[in-house]
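K.L.:
I have a structure I would like to understand better, so I am pasting it below and will then ask my questions one at a time.
Where a number appears in this text, it was derived from the coordinates with a stated rule and is not lab data. Keep in mind that this is a model prediction, so the values were computed, not measured. Positions of Cβ are backbone-derived with ideal geometry, glycine not excepted, and every protein chain shown enters the neighbour counts.
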Amino acid sequence: MIILGIETSCDETSAALVRDGRELISEVTATQMQIHAAFGGVVPEVASRHHVEDITRVVDETFREAGSTWQDVDAIAVTCGPGLLGSLLVGVSAAKGYALATGKPLIGVHHIAGHVAAATLNSQIRPPFLCLVVSGGHTELLTVDEQFCFTKLGGTRDDAAGEAYDKVARLIGLAYPGGPKVDELAHDGNQEAYAFPRGLLDEEGYDFSFSGLKSAVNNALTKQRNRREEIDAKDVCASFQAAVIDVLEEKTRRALAHTGYQRLVVAGGVAANRGLRSRFTALASATGVEVVFPPLRWCTDNAAMIASAGYYRFQQGKENDLSLNAYAQLSLDTWQSWA
Ligand code: KG4
Ligand code: ZN
């Protein structure tokens, strides 16, 4: 079964053809990163306009790259939420137009389900597993069952992990998106230079909080600047990153112990982080749990993961009609409850 995936929830216009949820046939992504970097973050209105300009070309190129036509496609999957509303609407409207014109089934996909499904691309991994999703918009611990149904154990109460990376990057003057740059600097820094807080670490349950950490970094930098002390960005990044990873790792360790899962997927943009990957790899070897990270190209937003998640959704017998809408806020539970 071949599914066309479309993703436009933030600042990437992406389309992909994926066979049976796992095998990539072709993928084309137009990124707006350079455009938004000038503003220090994604400007929603600008993002929507670029999606409108790019979407048809991106879909056409995906077919061209595959040497395929609409006749080869079994269904169309599109991110319908959560994300930037104007951006989502472009993808959803395009997908509805294609579905209407071709008569192919339409599948609305939850963005987080996409990030999780990314782990199955070009891989043999099968659920059940525990999944930590860490992206610019989400920090969530989920269990995923054999049918690819999700149960949320906990999530962030304020900032997402990637959001914290981007905000801290901005505090030290790094361009958007700062996550990868913080990762790079942290590699050569001293993680004990600053004692930053580990949010909610002493609290039971699987919720996260990163806004206190961001404020602590801001306060430390302001204090040093007022004293005209030199700031070593590498040490700030290393200490910040250690605080983030300590919490992610410890909460995941507890969730593994509590649920007894033997397999762990770490997905989302922040799963590209080198420090995080090495800490979770060490956690896996210490606990005997298998850890899987999606390949780097599928950690950040892409349409292959949406096509993959759309496949699992379609296998559950679920599809949408042309009344499918876009939702800036959409919980996994709400999405799963759709008939
Ligand atoms: O999954 P994604 O592309 O978009 C959302 O769904 O949010 O994640 C983007 C986020 C950004 O906050 C970016 O700074 C962060 O992932 N990110 C990283 C790294 N690469 C991307 N954060 C830390 N280290 C990285 N290497
Ligand atoms: Zn994402």
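K.L.:
Just to be sure I understand the filter: pairs with C-beta atoms under 8 Å, separated by 6 or more residues or on different chains, first member in the range 260-280 and farther than 11 Å from L132 by Cα, second member of a type in the set (D, E) and within 12 Å of ligand 1 (Cβ to nearest atom). Which pairs pass?
P.N.:
Every condition considered, the pairs that remain are G269/D301; A272/D183; N273/D183; R274/D183; G275/D183.
K.L.:
Pairs under 9 Å by beta carbon, first residue under 14 Å from G162 (Cα atoms) and in contact (Cβ under 8 Å) with a residue 24 or more places away in the chain in the range 223-247, partner surrounded by 21 or more Cβ atoms within 10 Å (Cβ to Cβ) and charged (D, E, K, R), six or more apart or different chains?
P.N.:
These pairs meet every condition: F240/K214.
K.L.:
So which of F39, F63 ends up being touching a helix residue (DSSP H, G or I) at 6+ places or on another chain (Cβ under 9 Å) and within 16 Å of ligand 1 (Cβ to nearest atom)? Give the steps one after another, and end with the answer.
P.N.:
Numbers: F63 fails: within 16 Å of ligand 1 (Cβ to nearest atom).
Of the residues listed, the single one that is touching a helix residue (DSSP H, G or I) at 6+ places or on another chain (Cβ under 9 Å) and within 16 Å of ligand 1 (Cβ to nearest atom) is F39.
K.L.:
Sticking with this structure for a sec: Are any of the residues in the range 127-141 crowded, with 21+ Cβ neighbours inside 10 Å, farther than 24 Å from D207 by Cα and within 13 Å of ligand 1 (Cβ to nearest atom)?
P.N.:
Scanning the range 127-141, I find no residue that is crowded, with 21+ Cβ neighbours inside 10 Å, farther than 24 Å from D207 by Cα and within 13 Å of ligand 1 (Cβ to nearest atom), so the answer is no.
K.L.:
Here's a follow-up. For the range 154-177, what are the residues that are within 16 Å of ligand 2 (Cβ to nearest atom), of a type outside the set (D, E) and either surrounded by 24 or more Cβ atoms within 10 Å (Cβ to Cβ) or under 27 Å from E204 (Cα atoms) (or both)?
P.N.:
G155, T156, A160, A161, G162, A164, Y165
K.L.:
Which of (1) in a helix (DSSP H, G or I); (2) without any contact (Cβ under 8 Å) to a residue 60 or more places away in the chain; (3) among the polar types (S, T, N, Q) does S87 not meet, given it meets every other one?
P.N.:
(2)
K.L.:
Among the residues of the range 142-172, what is the count of those that are more than 8 Å from ligand 1 (Cβ to nearest atom) and in contact (Cβ under 8 Å) with a residue 24 or more places away in the chain?
P.N.:
The initial filter retains those residues of the range 142-172 that are more than 8 Å from ligand 1 (Cβ to nearest atom), namely 142-159, 164, 167-168, 170-172.
Now restrict to residues that are in contact (Cβ under 8 Å) with a residue 24 or more places away in the chain: 142-144, 147-150, 152-159, 164, 167-168, 170-172.
Number of matching residues: 21.
K.L.:
Across the range 287-312, what is the total count of residues that are under 30 Å from R254 (Cβ atoms), out of contact with any helix residue (DSSP H, G or I) (no Cβ under 7 Å at 6 or more places or on another chain) and crowded, with 24+ Cβ neighbours inside 10 Å?
P.N.:
The first filter runs over the range 287-312 and keeps only residues under 30 Å from R254 (Cβ atoms), leaving 287-296, 298-301, 305, 308-309, 312.
Narrowing further to those that are out of contact with any helix residue (DSSP H, G or I) (no Cβ under 7 Å at 6 or more places or on another chain): 288, 295, 301.
Then drop every residue that is not crowded, with 24+ Cβ neighbours inside 10 Å, which leaves 301.
Counting residues in the range 287-312 that are under 30 Å from R254 (Cβ atoms), out of contact with any helix residue (DSSP H, G or I) (no Cβ under 7 Å at 6 or more places or on another chain) and crowded, with 24+ Cβ neighbours inside 10 Å gives 1.
K.L.:
Another question, if that's okay. Go over the candidates V217, V182 one by one and state the one that is free of Cβ contacts under 8 Å to residues at least 60 places away in the same chain, within 19 Å of the chain's Cα centre (by Cα) and assigned to a helix (DSSP H, G or I). Before the answer, list the steps.
P.N.:
Working: V217 fails: within 19 Å of the chain's Cα centre (by Cα).
Answer to the selection: V182.
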